[in-house]
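Reviewing the structure listed below.
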Amino acid sequence: MATVASAVAGHTLNLLDHWQACLVLTDRDGVVLASYGHQQLLGNDAALLHPGARWREESLGHNAIAETLNAPRANRLARIALEAHDAECLKGLASASAALLAPASWSTSRGLTPGACEGCLGLICDPYRVRQYSLGMLGVLADDIEQRRLGEAHGHDHHLLRLHLNRSQLDSPSAALLAITPQGQVAAASRRGLQLLAAHLELTPASDSADTASHSAANTSNSTAHAADSDSCATRDDIHLLLGQPLARWQLDWAPLAQLAEAQCVTLAQHPRFTGYTLCAAPPRPRVVARAPAERSASQPTAEAATRETACHPSLARLHHGDAGWARVCELLARLVNARLPLLLQGETGVGKEEVVKALHQASHRAHQPLVAINCAALPDELVEAELFGYRRGAFTGADPAGREGRLLEANGGRLFLDEIGDMPLHVQARLLRVLQEREVTPLGGGKPQRVDFELVAATHQPLSELVKAGRFRADLYYRLCGATIALPPLRERHDIAGLSRALLTRLCREQQRELPRITPAFLDRLTQHDWPGNVRELDNVLRLALALCDGPTLEPCHVMLAGDCLASQGDCPASEGQIARQPSQASGLPSLHDLSSAEELQSALDALGGNVSRLARELGISRTTLYKRLGAA
């Protein structure tokens, strides 16, 4: 819980500094786990904000945290102001709190499990600064923590269903979140999810007057259900009517949602209660790859032989399309995805390192946490530290007056991807090494170090070991990064270019909302014979251009415009007459098409090139189709 709460609270630091307020996270016994924000608020009694301090009533007297923990369901949100505090250090201040409740859940083995109190989130502040905002903010933070906890607990084997009236708010704490079993039963629900389900069945759960009043005072928006405007939850007696029940009880058709392979937004139209939108995310189901055949040619390794019987998440399996080298990469990633080891990806520019990291993150237990990618080569040397570690107000000339949270803190709870790590300046490498060792981030300009927890993936196209020898990369950081080093094969070494091209074309057509043209074997042959110095990035650009040039129902070889090819006004492509023509190579020494007047002369030129039809067509500036016609016109 502390990790999730820290990730949520980290986004409020600038606001807390502006308010001169402090957030306090405690466990169910009132023991402080962490605090965030204005640490000097209690003066000489600042130790009360340090981990281990106790905020129960028997230790600190009457305060909002103690009141919430005494009755977390009845006093989910509480506020105590000014002289109502017993402790002298709290008098003159306001304290507000929100209970952190575990999501209610159901399973066939354990039955119903009502959400128990796991802790409390408290706010200590000047009552005249944030009186009207304190409870509203705490309620939103508590909802956010609850939803993240639900995703962690159930996202690996359940569909996660989010519902909201506003499509842009589906990922916000105000959405209703449900965990759905593969059979379509409600296995768990957030507090707002229970509200929504109960409102549809017209249940009347007990509501807390103070909670409802605070909710309206905070001026928060209504829930996704039409009748669930209060901040109350279903009582324990009502849970059996909500959890473990099929979605059909709420007139929701589960079949089309269960078939979604990726997170997709669906509009709920003409439904009696759920008018709005739903975002359905499928669980990361492992896939067993077929065994390799007992006997196979040693010169023809297969992807199945490389992967053997390794469980592979669909997002990882989509990285290769039959190539044995990339299949081995996917097998390694599947084994290391949750090993809590730093990974170092090495490969040429454009080979697909960022796509690998995205797939790795989707397959991990942290899939519902942030993935923060940083291109170290794209940051100016003077701004790298501020971007990575953040800074306080007035840390340097030109700094944002409100300060800024660093990218490392943004990755807290999730995964950090440092691309082109070889270009990181040496002085920044020293600070990064300390963060990786201590798991604490100190912003520029000073301040209390903040704990961080993230998985690290670094990538480079440079040989880091050589940079270490040359003194351009720290050896200690290098050995910290390479918990496991994975080399990504370049595109020219892959044997699945045709399958990869089909997959990319399918994705591009889906993005462009157009029908996929028929892909001819000659088109794929043109692609497989190129050496692809720009790797997958170059292939993606070539396929985008091919789709743009294709007006007909078929993709032909003349639609493939490689690096150095030029568009002209005349061409001879049957699918797009008059659009494309290639510029003959001047370096080849071959005569032009008009000089080769007979099929015999063309055949002689072809023999001189070793029978390479694609090269001869490219050198003559014509398509393979035209060349075949001329060769056959004897």
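The values are calculated or read from the model by the stated rules, or taken from the named source; none is laboratory data. Small disclaimer: the values here were computed from a predicted structure and weren't measured. Please note: Cβ atoms are built from the backbone with ideal geometry, for glycine as well, and neighbour counts cover all protein chains shown. Protein only, heavy atoms only, side chains kept; ligands, DNA and RNA dropped before computing areas. Shrake-Rupley method; radii C 1.70, N 1.55, O 1.52, S 1.80 Å.
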> At what distance in nm do the modelled label points of E57 and Q245 sit from each other, each positioned 7 Å from its Cα along Cα→Cβ?
Replying inline: 3.6
>> Explain nothing, just compute: Karplus ³J(HN,Hα) = 6.51 cos²θ - 1.76 cosθ + 1.60, θ = phi - 60°, for every residue of the stretch 424-438 in order, whole Hz, x for Gly and Pro.
In response: 6, x, 4, 5, 6, 4, 5, 5, 4, 4, 5, 4, 5, 7, 8
>> Going by amide H atoms built from the backbone, whose H comes under 5 Å of the H on E455, apart from near neighbours?
In response: G414, R415, L416
> Which whole-number value in Å² is the accessible area per residue of the stretch 393-552, probe 1.4 Å?
Replying inline: 47
> Percent of accessible area on the stretch 303-489 owned by carbon and sulfur, 1.4 Å probe?
Replying inline: 48
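In a shell of Cβ-Cβ distance under 14 Å around W55, excluding W55 itself, what net charge do Lys and Arg (+1) and Asp and Glu (-1) give?
On the way: positive: R28, R54, R56; negative: D27, D29, D45, E57, E58, E67, D86.
For residues surrounding W55, the net value is -4.
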> If R0 is 60 Å, what FRET efficiency do you get for H365 and N541 from their C-beta distance, rounded to 0.05?
Replying inline: 0.95
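Summing +1 for each Lys or Arg and -1 for each Asp or Glu, what net charge is found among the other residues whose Cβ lies under 13 Å from the Cβ of F417?
-1
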> Given H placed 1.01 Å from N in the peptide plane, which residues other than close sequence neighbours of L101 have an amide H under 5 Å from its amide H?
Replying inline: E118
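Would you please name the GluC sites (Glu not before Pro) within the stretch 510-566 that are DSSP coil residues with at most 14 other C-beta atoms within 10 Å of their C-beta? Could the numbers behind the result be given before it?
Numbers: sites: E511, E515, E538; in loops: E515.
Qualifying residues, ordered by number: E515.
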>> Could you check the spin-label model distance between R167 and N375? Points 7 Å from the Cα along Cα→Cβ, value in nm.
In response: 2.9
> Taking θ as phi - 60°, what are the ³J(HN,Hα) couplings along the stretch 314-328 by the Karplus curve (6.51, -1.76, 1.60), each to the nearest whole Hz, with x for Gly and Pro?
Replying inline: x, 5, 6, 4, 6, 6, 10, 9, x, 7, 5, x, 6, 5, 5
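Kirkwood hydrodynamic radius for the stretch 303-489: how many Å is it when counted over pairs of different Cα atoms? Write out the running numbers ahead of the final one.
Numbers: mean 1/r = 0.0576 Å⁻¹.
About 17.4 Å, per the Kirkwood formula over Cα pairs.
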